[in-house]
Amino acid sequence: MELHYRQYSEAGPPLLILHGLFGSLGNWGWHSKQLAESFSVYGVDLRNHGDSPHSERLDYQVMAEDVRQLIERLGLDSCSIIGHSMGGKVAMQLALSYPDLLEKLVVVDIAPVAYPEGADNHMNVLAAMDAVRIDDVKSRTEAEVTLKEFIPEEAIRKFILTNLISSGQGLFEWRINKDAIRKNYPALRAAVVSEKSFDKPVLFVKGGASNYIQAEHEEAINALFPNASVKVVLGAGHWLHAEQPQALQKLLMNFLLA
C-alpha cells in the first residue's frame with residue numbers, strides 16, 4: 001500500500017511522524033513544522049486514515065509493513081520515528097521487526113501491551129460518527145450537534161470532525177474507514193509482539209493525566225526496549241501534543257538531538 005505523506009523539509013536526518021487512531025498527519029502539523037528546522041520531516045497518513053488508501057485489514061504487522069515500504073520508496077537507509085497512540089504501536093512493531101531501519105524511536109502515550117475492552121471511548125466515537133446523517137448534513141457545525149450527544153468534550157469533537165470532508169455538490173463524507181476500524185478493533189487493542197528486543201534509544205512520553213502508560217507496564221516496556229526512558233508531560237492527557245505542545249516539543253528535541 002502506498003501511504004500518503006507530506007514532506008515538510010530537507011533540513012537534516014529523516015524523521016517520520018505517525019498519528020493515532022482517528023487522526024491524520026495534519027494533527028501533528030505544528031510539531032512537524034517545528035521539527036522541520038532540524039530534520040527532514042515526513043508526516044504520514046496510516047492506512048484507513050487521512051488521504052491514504054482503505055483496506056479491510058488493519059493490524060500492527062500490516063501497518064508496520066506499510067511504513068517499511070514507504071521508507072524504501074523514499075530511498076531512506078534509516079530514520080527516526082515519532083508515533084502517537086496507535087501510531088506508537090505501529091512504530092514499535094516496525095522497530096522490532098526491522099531494527100536496522102530505525103535510529104531512534106519516540107512513543108507518545110502508549111505501551112506495548114494489550115488494553116482491555118472498554119478502556120477508552122473509541123466505540124463511542126464510532127457510534128457518534130454513525131449517528132450523523134451523512135447524506136443530509138450540510139455543514140460541520142450541523143454534524144457537531146449530533147456528535148455532542150455522544151462526545152461532551154469539545155476538543156475531541158473538533159478532532160473527530162477533521163475526518164468529515166466535502167465530497168462535492170454540498171455533500172459530506174467520512175474519509176476514515178469506520179468499518180475497518182470497527183471490524184479490526186480487537187487487533188488495535190492487542191499487544192505488540194516480538195521474540196526480539198530493540199536495543200537503540202527509545203523515549204516513551206506519558207501524559208500526566210493519562211492512564212495509557214502505567215507502572216505495571218514497565219516490565220513489558222523494558223523487555224522489548226531495554227534502552228528506553230520514560231518522561232511525563234504534566235497537565236496533559238492522552239492528546240498531549242495538542243494540550244502541552246511546547247513541553248512535548250522540548251522533550252522531542254532534547255531526545256532526538258542528543
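Here, each number is a calculation from the coordinates, and none is a lab measurement. Note that the coordinates shown come from a computational prediction; the quantities given were computed from them, not determined experimentally. For neighbour counting, all protein chains shown are included, and Cβ atoms are generated from backbone atoms with ideal geometry for every residue, glycine included.
One table, with the values for the structure above:
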| item | result |
| --- | --- |
| Contour minus Cα-Cα distance for Arg140 and Leu161 (0.36 nm per residue) | 6.9 nm |
| Calculated [θ] (222 nm, deg cm²/dmol) that DSSP helices of n ≥ 4 give over the chain, each run adding -39,500 (n - 2.57) | -10000 deg cm²/dmol |
| Relative contact order for the range 56-106, counting Cα pairs under 8 Å that sit 6 or more residues apart, in percent | 41 |
| Normalised contact order of the range 122-182, rounded percent, pairs of Cα under 8 Å and 6 or more residues apart | 34 |
| Dipole in debye (nearest 20) - the range 122-182, about Cα centre, beta carbon charges: Lys, Arg +1; Asp, Glu -1 | 140 |
| Hz values of 3J(HN,Hα) by residue in the range 126-140 - Karplus curve (6.51, -1.76, 1.60), Gly and Pro given as x | 4, 4, 5, 5, 5, 6, 5, 6, 4, 7, 10, 5, 10, 7, 5 |
| Shape category assigned to the range 129-258 from the gyration tensor of Cα positions, a/c cut at 1.5 | prolate |
| Fewest-first sequence of Ser139, Ser97, Ser78, Ser32 by Cβ atoms within 10 Å of each Cβ | Ser139, Ser78, Ser97, Ser32 |
| Other-chain or far-sequence residues with amide H under 5 Å of His54's (modelled H) | Asn48 |
| Integer Hz, Karplus 6.51/-1.76/1.60 couplings in order for the range 225-234, x for Gly and Pro | 10, x, 9, 9, 10, 10, 10, 10, 9, 6 |
| Proxy reagent accessibility, fewest Cβ within 10 Å first, across His84, His122 | His122, His84 |
| Relative contact order %, the range 130-258, counting alpha carbon pairs below 8 Å whose residues are six or more apart | 17 |
| Exceeding the 29 Å Cα-Cα cut-off - candidates Lys33/Lys206; Lys158/Lys178; Lys33/Lys89; Lys104/Lys183 | Lys104/Lys183 |
| From the coordinates shown, Cα extents along the principal axes in Å corresponds to which of [x] 53, 44, 38; [y] 52, 39, 35; [z] 67, 38, 38 | [y] |
| Prolate/oblate/rounded label for the range 122-182 (Cα gyration tensor, a/c 1.5) | oblate |
| Exposure proxy order (Cβ contacts within 10 Å, fewest to most) of Ile71, Ile165 | Ile165, Ile71 |
| Whole-Hz ³J(HN,Hα) from phi, Karplus 6.51 cos²θ - 1.76 cosθ + 1.60, for the range 242-250, glycine and proline x | 9, 7, 9, x, 5, 5, 5, 4, 5 |
